[in-house]
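A.B. asks: Sharing a structure with you now.
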Amino acid sequence: MSKLKIAIQKSGRLSEKSLELLKECGIKFPNGGGKLIAESKNFPIEVLFLRDDDVTKYVEQQVADIGIVGENVYLEANLPVKVLEYLGFGSCRLSLAVSKEVDYTGITYFEGKKIATSYPFILEKYLKQQGVNASIEFISGSVEIAPSIGLANGVCDIVSSGSTLMSNGLKEVDKVLDSQAVLISNQALGEEKQVLLDKLLFRIKSVLNAKERKYILLNAPNDKLEQIISILPGMKSPTVLPLADEGWSSLHSVIQEDQFWDIIDELKALGAEGILVAPIEKMIY
Ligand code: ATP
Ligand code: ZN
C-alpha cells in the first residue's frame, strides 16, 4: 500500500510545531531516538527529518511528497511546488536593516550600496520592484554582523522580535516579506497518494479552523436574545435553550478568537451573564 512522505525540519524553530500539528491530526509516531525517518503507527505516513533548506528541493524531486517549511525558505528556493496551506506558526518577517546611526529616509538609501543576506533571490526581486540598484552579498549565516565588519551597508534578514538586530547595533527599516510555515506538495502526486493527502489535509484544516475559534456559552435575558444573536455569528445560528429561570435562555455559539474581546464587551452591555469561553479541539464544517 502506498505511503505519504512528509519532510519537516529536523531541529530548529519549526520542528516541534510541525510534529505537534501531525499529532493534533491524530497521527502517532514511535518515540524518536534521533532517527532521520519515522513511520506512523496509525496513518500511512513517513516523516523525513531534514535541514529546512532542503525541504523544498526534496519535495520538488519527489524524495518527499509534501513538506513543512517557512514561506521565506520556500520562496527563496524558487522551485515549482504547490503551497497547500498556511499553517499559522513560525511567523516572522524578512526585513532590511541598517546601522542604528544611519539617518534612513527611504529605500533609495540602498541605491549603489551593498546588502548582505541569505535571501538573494527574494531580495533581488524586491529591489527590482522598488527600482533600486544595490549589490547583494550572499552569506549563509550570521548576517547581522556584516555591517559592523565592513562587509555591507545593510542586511536583509529574518526578524521576529527585533532583539537580534538591536543587540548587533542595527535597526529594521523596511519589510520585504511576511512569512509563516507553509505546507507544500509535489505537483505530480499519484492517485493513491492524492487520496491520502486529501485525508490529511481535511484533518489539518479541521485543526486550523478550531484554533481560530472559541466555543462560547452564556445566559441571556429573553428580551435581549435577538440583539445578542445578531452579534454572535455562529457556524449556522446559535443554539438557544430555555433556562429553568423564567425569562432567561442559555445560548451556545462559536466565535472568532480575534473578535473575542469586542464581542464580550457588547454581550455584557446587553445583559449577558455566566459567559464561558472554551477552546475547540477540532472543527468540521
Ligand atoms: P536548519 O538547521 O534546519 O537549516 P535554520 O537555522 O536554517 O535551521 P531556524 O532558525 O530553525 O532555521 O528557522 C526555521 C524557520 O523558522 C525560518 O526559516 C523562518 O521561517 C522561521 N522563523 C520564525 N521566527 C524566526 C526567527 N526569529 N529567526 C529565524 N527564523 C524564524
Ligand atoms: Zn536552514
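Coordinate-derived values only; no laboratory data. Given the structure is predicted, the values throughout are model-derived calculations rather than measurements. With ideal geometry, Cβ positions are generated from the backbone for all residues, glycine too; neighbour counts draw on all protein chains shown.
A.B. asks: So what is the calculated 222 nm ellipticity per residue for the chain, using -39500 (n - 2.57) for each DSSP H run with n of 4 or more, over all residues, to the nearest 500 deg cm²/dmol?
C.D. replies: On the way: 8 runs with 79 residues, N = 285.
Dividing the helical sum by the residues of the chain leaves -8000 deg cm²/dmol.
A.B. asks: Is the shape of region 92-179 best called rounded, prolate or oblate, per the rule: a/c under 1.5 gives rounded, else a/b larger than b/c gives prolate, else oblate, with a ≥ b ≥ c the square roots of the Cα gyration tensor eigenvalues?
C.D. replies: Verdict is rounded for region 92-179.
A.B. asks: Moving on to the next point. Starting from the 7 Å offset along Cα-to-Cβ, what nm value, one decimal, do you get for the label separation of Glu16 and Glu124?
C.D. replies: According to this spin-label approximation, the distance is 3.7 nm.
A.B. asks: Evaluate the relative contact order of region 92-179 (contact order divided by residue number), counting alpha-carbon pairs under 8 angstrom at least 6 apart; express in whole percent.
C.D. replies: 50 percent
A.B. asks: Quote the relative contact order of the chain in percent (integer), defining contacts as alpha-carbon pairs under 8 Å separated by 6+ residues.
C.D. replies: Computed value for the chain: 19 percent relative contact order.
A.B. asks: Where a ≥ b ≥ c are the square roots of the eigenvalues of the C-alpha gyration tensor, would you call the chain rounded, which needs a/c under 1.5, or, failing that, prolate if a/b is larger than b/c, or oblate?
C.D. replies: Details: a/c = 2.81, a/b = 1.44, b/c = 1.95.
The shape class here is oblate.
A.B. asks: I've got another one for you. Among the helices of the chain (complete DSSP H runs), which have Cα atoms covering no less than 24 Å along the helix axis and a Kyte-Doolittle mean of at least -0.5?
C.D. replies: 191-211
A.B. asks: Quick one: which residues, 5 or more positions from Met283 or on another chain, have an amide H under 5 Å from its amide H? H modelled 1.01 Å from N in the peptide plane, none for Pro or chain starts.
C.D. replies: Distant-sequence amide H within range of Met283: Val207, Ala210.
A.B. asks: Taking amide hydrogens as modeled 1.01 Å from N in the peptide plane, which residues meet the under 5 Å criterion relative to Ala134, leaving out close sequence neighbours?
C.D. replies: Those lying under 5 Å, H to H, from Ala134 are Gly112.
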